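First the structure, in the form of structure tokens, and then the observations on it.
The values are calculated or read from the model by the stated rules, or taken from the named source; none is laboratory data. In this text the structure is predicted, and so the values were computed from the model without any measurement. Positions of Cβ are generated from backbone atoms using ideal geometry, with glycine treated the same way; all protein chains shown enter the neighbour counts. Surface areas here come from the heavy atoms of the whole protein model, side chains and all, with no ligands, DNA or RNA. Shrake-Rupley method; radii C 1.70, N 1.55, O 1.52, S 1.80 Å.
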Amino acid sequence: RTYIYTGDSGLAHDASKTTVMAKKTLTQFDYETLVAAAGAMQNMLPQTLAWTLLYALLRFGVFRKRTADFSNRVVSLIHAFVAIYMCVRCLPHWGALLENVGGVNTREHLECMTLSLSYFMYDFIYCVLNNEVENVVHHVFTVGGLTSGVMTGTSGPELVGCLFLMEVSNPSLHARFLLRELGMKESVLATVNDLVFAILFLVCRLVIGPPLVWRTVTCETNAYIVKAGGLGILIVSLMWGWRIVMMMVRTSKALLFGKKTKKA
């Protein structure tokens, strides 16, 4: 084998070539991310309008004799089921909730985040108009994180994981308020539903959630808004968690001892 010494100029040429290739790859990635983000934003606007129209149809049509909150809860219930399905579609296995934090978005991640972002934009406006301060704060963190994930093309794995942990207890949450307005607050169904909600919320948000938030916050490649979003949602979940523990104690007593405990 023959070796030919090319001198420092050859090494400089190779280094320059590598740098150009890296810049080209980076530029191509940025371009593809920008195109994907633009398409997602285009889809988000009509989807937000669709959630709003669905609410209007329920509020002034199907459930016109019910409160505005009832119709909004039905919309939220529909979103919860759709979001859970789309999140599960993004997870190859359950351990994936804590894997690939800070990774590049897949098409499934982008679709899932875009759909939920459109819903949270609708619900954010609804909460502002109805002075639901805690939900407004919660939605600010959620919208900020999802928007960053869509625009940067990264952090999809942990954002979708966080979305799944948030939404998995929401069907029971919304059912709780729907049953209350239907006059079934004291029914066995409502009591069991309360316990299911409490267990799902506490396990998903306060047991599985903190490790995911920790990995999100300590990931060097994550945007600050994604880190702030995860931390903010955890803080809100802790506040809600205390209330839920108290509710769980009352509900357990009602289920075990019936009206005697209530009178006491």
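Within the range 124-143, track down each residue that is more than 11 Å from the chain's Cα centre (by Cα) and open to solvent by less than 10 Å² (accessible area, probe 1.4 Å).
Initially, the range 124-143 is screened for residues more than 11 Å from the chain's Cα centre (by Cα), giving 124-137, 140.
Hit for the range 124-143 is Cys127, nothing else.
Residues that are in a loop (DSSP other than H, G, I, E, B) and farther than 16 Å from Thr106 by Cα within the range 127-164 comprise Asn130, Asn131, Glu132, listed in sequence order.
Checked against (1) among the acidic types (Asp, Glu); (2) touching a helix residue (DSSP H, G or I) at 6+ places or on another chain (Cβ under 9 Å); (3) over 22 Å from Leu91 (Cβ atoms), Glu220 passes all but condition (2). Within the bounds of the range 102-115, is there any residue that is within 14 Å of the chain's Cα centre (by Cα), under 16 Å from Ile225 (Cβ atoms), buried (at least 17 other Cβ atoms within 10 Å of the Cβ) and modelled with pLDDT of 90 or more? Yes, because at least one residue in the range 102-115 is within 14 Å of the chain's Cα centre (by Cα), under 16 Å from Ile225 (Cβ atoms), buried (at least 17 other Cβ atoms within 10 Å of the Cβ) and modelled with pLDDT of 90 or more. The set of residues in the range 160-202 that are touching a residue at least 60 places away in the same chain (Cβ under 8 Å), in contact with a Cys (Cβ under 8 Å, 6 or more places away or on another chain) and not charged (D, E, K, R) comprises Val160, Gly161, Leu163, Phe164, Leu165, Met166, Val168.
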